[in-house]
Amino acid sequence: MSIVLITIMTLVGLGALAAVILYLASQKFKVFEDPRIDQVEEVLPAANCGGCGYPGCRAFAEALVKADDISDLNCPVGGPDVMAKVAEILGKEAGKSAPQVAVVRCNGTCEHRPRINQYEGASSCVVAAALYGGETGCSYGCYGLGDCVEACDFDAMYMDEETGLPVVIEDNCVACGACVDACPRDIIELRKKGPKSRRIYVNCVNQDKGAVARKACEVACIGCGKCVKVCPFDAITLENNLAYIHDDKCKLCRKCVAECPTNSILEINFPPRKNKPAAKEAATEKTEEESK
């Protein structure tokens, strides 16, 4: 028998032995994957935005299948409709979460927050935050360099050239939280959309004392506490010289809006207020005329 033939037979034998070993190893260490993972992943929106708290839709699908209770898990992009389909596939009950939207808690426009210097570095909020305090006297406000806009994959934000602040397009926002993570100043947060998309929140994150905050921005919260006192639902807290409205307690009565001396509390998508004093004066004048 030639050396070549022996070599070939030896290699064939080694190959067969390796195949057997690999087969046995694959059977022993085989990992079973629940077929429902693929089914759940198919109904997810495939946005892979991370808004659910997982690195992608596949990871979220795996978490949903493995979880005994999915009421605390939510896909912000798909919303209730998608979670209802997931619940049907898994035979579990989906939680009911209120729709959310991103809000920019800064109203420090050029008009309200004068510039005291000019930044000429890289056009990145993260870079600017690492280098200096900002172009204004407010060390808490928006840098206006658009990191949040770049982070948004749903065309739900843009930079307003006039104000220098980011603007959220409510109809496009899926509350994925990418803009929240991208902001080094933590001025963007997710809040409940509210009934008829009506919301009330303190449009400021400045924690300086009143006089310092007001000097830097004329619409800054000065921590006076008037809104806290007037709120009948205990929905407002005051901490570190800054008021905060909790959207789970707020009943949208708007009493705090009228009470704020710096107009730092915003009311969104509400109808115009009725001018009650003017109406009362008109009624008084009419009564006087009739008496004459």
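Here is how the numbers come out for the structure above:
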| read-out | value |
| --- | --- |
| Most positive-pole-ward Cα, C176, Y143, L242, against dipole of the chain from beta carbon charges | L242 |
| Fewest-first sequence of F233, F270 by Cβ atoms within 10 Å of each Cβ | F233, F270 |
| Folded to 0 to 90 degrees: helix 79-90 orientation relative to the chain principal axis, Cα | 30 |
| Listed pairs K96/K193; K226/K251; K92/K193; K249/K274; K196/K226; K193/K255 exceeding 23 Å between Cα atoms | K92/K193; K249/K274; K196/K226 |
| Amide H within-cut-off set for E189, under 5 Å, with H built and near neighbours excluded | V103, R105 |
| Y158-E267 FRET efficiency (beta carbon distance; Förster radius 30 Å; 0.05 resolution) | 0.85 |
| Dipole moment magnitude, nearest 20 debye, segment 152-205 about Cα centre, only Lys, Arg, Asp, Glu C-beta charged | 520 |
| Segments 101-111, 18-28 sorted - mean Cβ within 10 Å per residue, highest first | 101-111, 18-28 |
| Virtual paramagnetic centre 7 Å along Cα→Cβ of V212, amide N under 20 Å, in segment 99-114 | 106-108, 113-114 |
| Lys/Arg +1, Asp/Glu -1 at C-beta; the chain dipole; positive extreme among C125, F270, C106 | F270 |
| Where only C-alpha atoms are counted, convex hull volume of the chain per residue in Å³ | 241 |
| Table column - 3J(HN,Hα) (Hz), segment 180-195, Karplus curve with 6.51, -1.76, 1.60, x for Gly and Pro | 4, 5, 6, 7, x, 9, 6, 9, 9, 9, 8, 10, 4, 4, x, x |
| Full-extension gain in nm, E170 to D81, via 0.36 nm per residue minus C-alpha separation | 30.2 nm |
| Mean Cβ neighbour count within 10 Å, used as a protection proxy, ranking 200-209, 244-253 highest first | 200-209, 244-253 |
| Lys, Arg +1 and Asp, Glu -1 on Cβ, resulting dipole of the chain about Cα centre, debye, nearest 20 | 920 |
| 5 angstrom amide H check on T136, placed H, neighbours 5+ away | I116 |
| Computed E for K255/S139 - FRET, C-beta separation, R0 45 angstrom, nearest 0.05 | 0.90 |
| For segment 64-71, Karplus couplings with θ = phi - 60° (6.51, -1.76, 1.60), whole Hz, Gly/Pro x | 5, 5, 6, 6, 6, 10, 9, 5 |
| Proxy reagent accessibility, fewest Cβ within 10 Å first, across I6, I89 | I6, I89 |
| Net charge over other residues, Cβ less than 15 angstrom from the Cβ of G108 (K, R count +1; D, E count -1) | -1 |
| Other-chain or far-sequence residues with amide H under 5 Å of H112's (modelled H) | none |
| Helical mean residue ellipticity (222 nm; -39500 (n - 2.57) per DSSP H run of 4+; nearest 500) of the chain | -10500 deg cm²/dmol |
| Angle between the chain longest axis and helix 3-28 axis [Cα atoms, degrees, rounded to 10] | 40 |
| Charge dipole magnitude, Cβ of K and R +1, D and E -1 - segment 78-225, Cα centre, debye nearest 20 | 820 |
| Modelled FRET efficiency - R0 45 Å, R58 with N240, Cβ distances, 0.05 increments | 0.65 |
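Read-outs: derived from the displayed coordinates by stated rules, not from any lab. What you are looking at is a predicted structure, and each value in this text was computed from that prediction instead of being measured. In this analysis, Cβ positions are derived from the backbone assuming ideal geometry, glycine residues included, and neighbour counts consider all displayed protein chains.
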